[in-house]
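The values are calculated or read from the model by the stated rules, or taken from the named source; none is laboratory data. Treat the numbers as computed from the prediction; the structure is a model and nothing was measured. Quick reminder, even Gly has a Cβ in these numbers, built from the backbone with ideal geometry, and neighbours come from all protein chains shown. Side chains included, ligands, DNA and RNA excluded: accessible areas come from the protein's heavy atoms. Shrake-Rupley method; radii C 1.70, N 1.55, O 1.52, S 1.80 Å.
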Amino acid sequence: MSEYIPDSWRKAVAKRASYRCEYCRRPEADSFIKFHIDHIISLKHGGATVLDNLAFSCSICNGNKGSDVGTVLQNEEVFVRFFHPRKHNWFEHFEVLEGVIYPKSEIAEATIKVLELNHLNRILERLDLIAAGLFP
Ligand SMILES: [Zn+2]
């Protein structure tokens, strides 16, 4: 997770993401904690430090994701990779109803599960953002 990333790259990744977490879509402006630069495919799993493998991520999503690249669903029978911000369109995989993020795919289901996108505190925060017109 920790490899030097030039400041110009950090800025480029943040701008490309419109300054929102690419997993939960929370805006960085709403957070007291500076967002992280995530290796979508972690270094541990052979991912490289190149712009196409970097995502803008809030500290909660980044912390929950860690070096994982996916999880098992359906009683541990099927391995499913996480949402890949460079390869997948967020709105094709997720939908938001009353603050809760619902999966439209197994990829989304895996991502919601491990990144805890629907932890109660995160839903409450999202409802505030929606009320303020800042989400999604
Ligand atoms: Zn996030």
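Data overview
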| item | result |
| --- | --- |
| Candidates 130, 60, 123, filtered to the one that is within 30 Å of residue 4 (Cα to Cα), assigned to a helix (DSSP H, G or I) and within 16 Å of the ligand (Cβ to nearest atom) | 60 |
| Unique residue being in contact with an Asp or Glu (Cβ under 8 Å, 6 or more places away or on another chain) and of a type in the set (Phe, Trp, Tyr) when the list is 32, 91, 135, 82 | 82 |
| Checklist (1) over 30 Å from residue 7 (Cα atoms); (2) open to solvent by 80 Å² or more (accessible area, probe 1.4 Å) applied to residue 29, failing item | (1) |
| Those residues of region 58-76 which are more than 14 Å from residue 112 (Cα to Cα), without any contact (Cβ under 8 Å) to a residue 40 or more places away in the chain and small (Gly, Ala, Ser), in sequence order | 59 |
| Residue satisfying all of: in region 77-100; closer than 28 Å to residue 53 by Cβ and touching a helix residue (DSSP H, G or I) at 6+ places or on another chain (Cβ under 6 Å); most open to solvent (accessible area, probe 1.4 Å) among these | 86 |
| Residue 92 vs. criteria more than 12 Å from the chain's Cα centre (by Cα), over 20 Å from residue 4 (Cα atoms), within 12 Å of the ligand (Cβ to nearest atom) and not in a loop (DSSP other than H, G, I, E, B) | no |
| Cβ-Cβ under 9 Å pairs, at least 6 apart or on other chains, region 7-25 side in contact (Cβ under 8 Å) with a residue 12 or more places away in the chain, far side of a type outside the set (Lys, Arg) and away from the ligand (no atom under 15 Å from the Cβ) | 9/49; 9/51; 12/51; 13/5; 13/51; 16/51 |
